[in-house]
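Comments concern the structure below.
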Amino acid sequence: MISSEATNPDESESRVSSEEPLTAPPTIDSEAQEAAPVPSSLWLVVALNRRVNRDWEALIQRATENSRRYYEDLSTTPMVRKPKRVFPLKGKPYRGAWEYEVTKGDRVFYVPDEEKRKVVVYYAGVHPKTAPTPP
């Protein structure tokens, strides 16, 4: 009998954690970025897998400025609520997961780890009807 993991590579890819650094959005002015002070409390931001990073890159193309702001927020203050924009998800299956409204129709779901100072983005894209469950 053939397993469903072997027949559906996207599904098996989402089950296997092969984290990779999340692609940073392009900067407006590279000289201004170099001159800006680097926050002392940076968080490592990673995509759960290659598929999530590809979806994030597509989101950057649709909403570059918002993606830039979101990436900065995740790198510095991923657990700070912003009314109707950034908030933790409710319910047992979503324990520890947060949602970020990048645009009216696009969302990013992630899990911050305070101890490791790492943020794992597990979904980036069009607002789903139901929130995806964290890994």
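The values are calculated or read from the model by the stated rules, or taken from the named source; none is laboratory data. In this text the structure is predicted, and so the values were computed from the model without any measurement. Positions of Cβ are backbone-derived with ideal geometry, glycine not excepted, and every protein chain shown enters the neighbour counts. Areas reflect the complete protein model, heavy atoms only, side chains present, ligands, DNA and RNA absent. Shrake-Rupley method; radii C 1.70, N 1.55, O 1.52, S 1.80 Å.
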Fill in the blank from the handout: Checked ARG51, ARG62, ARG68 against criteria (within 17 Å of PRO26 (Cβ to Cβ) and touching a helix residue (DSSP H, G or I) at 6+ places or on another chain (Cβ under 9 Å)); the one match is ARG68
Practice task
Under 7 Å between Cβ atoms, at least 6 apart or on separate chains: pull out the pairs that start in region 115-131 with a residue that is over 23 Å from PRO25 (Cα atoms) and end on any residue that is at pLDDT 95 or above and loosely packed, with under 15 Cβ neighbours inside 10 Å.
Solution key: none
Practice task
Consider VAL80 carefully, then state whether it is without any contact (Cβ under 8 Å) to a residue 24 or more places away in the chain, over 24 Å from SER18 (Cα atoms) and of a type in the set (A, V, I, L, M, F, W, C).
Solution key: yes
Exercise for the section: Please work out which one of (1) open to solvent by 40 Å² or more (accessible area, probe 1.4 Å); (2) at pLDDT 95 or above is the condition ASN53 fails and give its number. Expected result: (1)
Handout entry: Residue check for ARG62: modelled with pLDDT of 95 or more and open to solvent by 90 Å² or more (accessible area, probe 1.4 Å)
Key = no
Exercise for the section: Scan region 101-118 for residues that are at pLDDT 95 or above, surrounded by fewer than 21 Cβ atoms within 10 Å (Cβ to Cβ) and in contact with a helix residue (DSSP H, G or I) (Cβ under 7 Å, 6 or more places away or on another chain) and report the count. Expected result: 1
